[in-house]
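The numbers here are math on the coordinates, done by the rules we state, and not lab data. Quantities reported herein were computed from a predicted structural model and do not represent experimental measurements. Here the Cβ positions follow ideal geometry from the backbone for every residue, glycine too, while neighbour counts run over all protein chains shown.
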Ligand SMILES: Cc1ncc(COP(=O)(O)O)c(C=O)c1O
């Protein structure tokens, strides 16, 4: 990248003609060529350099999406970055690019709940077996590798319970057994963790979250290394995913401040987690506690933490309901990664069946996204509402 990431994010993605600090939004289905020969030339150029932005039809992108791809390729330090309409589409693309009937996939448990539905039930219809492994026990993963394993699908940290894994061990295991690897890196983004550089074949980010950062866009990205490029390029042509130029523009704009926002999310989340750690009935699921396995693995790989954390609260459901309903600054709703704080009671919104990290009786999982408000106000809001946790 040359410059620091902070500078790079501000000084990239200019207008092709250097006329404005941001790229123009170019919308197109048809691309007009000067001559019959010209379209052939573009197609030849694509064959020579498939990541060079040689488009003959709008589904492949326009200069707006290409500029975002270039920006993300540098940030991810990857060979190519695919832009998809949602983070979930990127998850689908990564799996369908490499997995075929009769194959097995090893998947982190717990996993983002729609990913569980996709792998556990939908893939079964294609005779693809999903096997879930315990993120706290590397041996469990190792023992589950078979000759049929095609892909190790990692989510780090684990969904809602925030387990951090020893990522290099997973990569070495996969390489030794010629297995593809994918990571869902939405929590960290390549600002905090660069999975392709570390050795993963594919890395997913839901651009809906921190990339766009303003809770008004949906999008997904899939970064790939050179070895995996040909599989994903082929699959994406067949599936036909594309991100609209308008959304690509908003994501490019969001990326300008990714560094500043993530650092503020982290600063606020640290203050909130320090405050919450005083409550005996709350077990914090955030990698700040020195000496824990999660802290060790987080410190080893990440440049920092984002603003999403879990709380395991031991109390009656009624108390959790009152706590969540009384919050004033934390909105109750899906998603995260925007400027605002959010809360969600996991068991009420998801029927997921965790194989590991199960909750005990009277244990409740609450997810908090710590936004960019003044941390004092957030703490005050939590303090008032936590009076209901008895
Ligand atoms: C970890 C994680 N990965 C992927 C997704 C899917 O992203 P999208 O909502 O953009 O489809 C989400 C959405 O909440 C998520 O939390």
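The table below gives the values:
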| item | result |
| --- | --- |
| C-alpha long axis of helix 245-255 to longest principal axis of the chain, angle in ° | 50 degrees |
| Residue-span extension gain [residue 325 to residue 275] - 0.36 nm each, minus C-alpha spacing | 16.0 nm |
| Principal axes of region 101-219: Cα extent on each, largest first, Å | 43, 31, 24 |
| Candidates 340, 380, 76: whichever shows maximal mean-square fluctuation once the chain is modelled as a Gaussian network with Cα springs under 10 Å | 380 |
| Distance between modelled label sites at residue 257 and residue 334, nm, 7 Å Cα→Cβ extension | 2.6 nm |
| Beta bridge orientation in the chain: antiparallel %, DSSP, nearest 5 | 55 percent |
| D (Stokes-Einstein, µm²/s), Kirkwood Cα radius, region 1-87, 0.890 mPa s at 25 °C | 170 µm²/s |
| Whole-Å distance, taken between Cα centres, linking region 237-267 and region 71-131 | 20 Å |
| Three semi-axes of the equivalent ellipsoid, region 195-320, Cα gyration tensor, whole Å, largest first | 34, 19, 15 |
| Tensor-based shape of region 194-234 (alpha-carbon gyration tensor, a/c under 1.5 rounded, otherwise prolate or oblate) | oblate |
| For the chain, built as a Gaussian network whose Cα springs stay under 10 Å, the top-fluctuating residue of 299, 41, 178 | 41 |
| Degrees, to the nearest 10: 317-326 long Cα axis against longest axis of the chain | 60 degrees |
| Helix-only CD estimate at 222 nm, as mean residue ellipticity for the chain, using -39500 (n - 2.57) per DSSP H run (n ≥ 4) | -11500 deg cm²/dmol |
| Descending semi-axes in whole angstrom, ellipsoid equivalent of the chain, from the Cα gyration tensor | 37, 26, 18 |
| Length added when fully stretched, residue 15-residue 379, from 0.36 nm per residue minus Cα-Cα | 126.8 nm |
| FRET efficiency, residue 140 to residue 348 (Cβ-Cβ, R0 41 Å, nearest 0.05) | 0.90 |
| Region 42-170 - Rg and Dmax from Cα coordinates, angstrom | 17.4, 50 |
| Residue order, fewest to most beta carbons within 10 Å, for 176, 40 | 176, 40 |
| Relative contact order computed over the chain (Cα-Cα under 8 Å; 6+ residues apart), in percent | 17 percent |
| Exposure proxy order (Cβ contacts within 10 Å, fewest to most) of 218, 309 | 218, 309 |
| Long-range tail of P(r) for region 264-353 (Cα pairs > 23 Å, %) | 28 percent |
| Between helix 167-176 and the chain: long-axis angle, C-alpha atoms, 0 to 90°, nearest 10 | 50 degrees |
| Share of pairwise Cα separations in region 237-390, more than 19 Å, in percent | 59 percent |
| GNM flexibility winner over the chain from 212, 348, 94 (Cα, springs under 10 Å) | 348 |
